[in-house]
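Worksheet: the structure to be examined is printed underneath.
The values are calculated or read from the model by the stated rules, or taken from the named source; none is laboratory data. Computed from a predicted model, the values in this text were never measured in an experiment. Using ideal geometry, Cβ is built from the backbone for each residue, glycine included, and neighbour counts are taken over all protein chains shown. With ligands, DNA and RNA removed, areas are computed over all heavy atoms of the protein, side chains included. Shrake-Rupley method; radii C 1.70, N 1.55, O 1.52, S 1.80 Å.
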Amino acid sequence: MMTKTTSTAAAMLARLAIVPVLAIAFILFCTKTEALQTPPATKPAAKNKPTDTAAPGSKVRTKVPPRLRFSDYPYTKDGVSEEKLKEYMAITAKYEENADRAIKHPDKITEEDREKLEPIFRQMSASQQDQQTITFYYLPPPPPPSRPTQKQLDKWKDPKYCGLWIDEKKAKNADLENYKPGDFSEAFVSRLTKYAINRKNYPYQVNLMTNAFYEKYRADAIANMHKPKMALRMLNPHYRKI
């Protein structure tokens with residue numbers, strides 16, 4: 001897991017609702033949305049300037065850049081006390097790597113710690129939340145259908161142009177010979193960054209959802225919209241949703 005990088009904040013903002021492809025983004029390091037996307041409006045930044053707070057016994061901690069809000073996760077005007085803030089940061093410090101505050105082993109975050117962190121994070125002010133490396137978010141509503149054109153399908157048949165995933169599974173580009181535009185309800189195109197593993201093979205990644213897969217994905221997304229999800233932020237800044 002630690003050899004895989006995540007999608008950039010720009011890609012997240014460009015297509016908040018493409019939750020299934022996040023797993024693919026882990027494999028490909030990070031992507032930048034190229035087509036078929038409409039960036040949502042962002043929430044105004046907090047007026048108060050965030051301040052650094054060190055966890056008990058920790059070294060000087062690097063300030064984290066302001067957080068881009070992917071959803072209206074609860075926060076309070078006054079925030080939590082200094083004591084609660086130190087409690088939160090003491091827990092996250094166990095998973096941070098030295099002064100750069102990158103999460104060293106995200107798969108090692110225990111459910112017990114996760115359950116302690118979320119209630120405190122919910123009571124933080126916006127500026128306090130902005131300074132955390134382990135954050136929480138809600139899934140956005142699922143997107144409306146976004147069907148490809150025949151011209152796009154023909155372009156995506158070229159393995160030198162893009163890598164192809166159908167229903168979250170790697171597919172051969174030639175497999176598109178067996179499909180027509182009406183077979184798909186979702187098309188997501190990403191431009192690979194220079195850090196992506198497969199950049200040497202093709203510049204784009206295409207993710208398609210068949211009609212039946214999209215309907216199941218949409219139902220699951222609606223059912224889980226209000227369940228807290230955890231995200232990791234590093235100083236790049238990149239997010240990894242887990």
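Within segment 136-163, track down each residue that is closer than 15 Å to N207 by Cα, among the basic types (K, R) and modelled with pLDDT of 95 or more. The answer is K155, K157. Picking from residues in segment 152-171 that are part of a loop (DSSP other than H, G, I, E, B) and more than 16 Å from F184 (Cα to Cα), the one that is nearest to the chain's Cα centre (by Cα) is Y161. A residue that is of a type in the set (S, T, N, Q), modelled with pLDDT of 85 or more and under 30 Å from V189 (Cα atoms) cannot be found anywhere in segment 97-117. For residues in segment 67-96 being farther than 14 Å from S127 by Cα and of a type in the set (V, I, T), which is modelled with the highest pLDDT? Among those residues, the one meeting the criterion is I91. Considering only segment 137-144, I want to know if a residue exists there that is closer than 16 Å to Y214 by Cβ and among the aromatic types (F, W, Y). No, there is no match, as no residue in segment 137-144 is closer than 16 Å to Y214 by Cβ and among the aromatic types (F, W, Y).
Taken together, V189, V206 contain a single residue that is touching a Gly at 6+ places or on another chain (Cβ under 9 Å), in a strand (DSSP E or B), open to solvent by less than 80 Å² (accessible area, probe 1.4 Å) and over 30 Å from R122 (Cβ atoms), which is V206.
In segment 124-136, of all residues being part of a helix (DSSP H, G or I) and more than 18 Å from the chain's Cα centre (by Cα), the one that is surrounded by the most Cβ atoms within 10 Å (Cβ to Cβ) corresponds to Q128. Total residues in segment 160-178 satisfying the condition of being over 22 Å from D220 (Cα atoms), open to solvent by 80 Å² or more (accessible area, probe 1.4 Å) and not polar (S, T, N, Q): the figure is 3. A search for C-beta distances below 8 Å between a residue of segment 99-123 that is closer than 11 Å to L232 by Cβ and part of a helix (DSSP H, G or I) and any residue that is at pLDDT below 65 and open to solvent by less than 30 Å² (accessible area, probe 1.4 Å), counting only pairs 6+ apart in sequence or on different chains, returns P106/R240.
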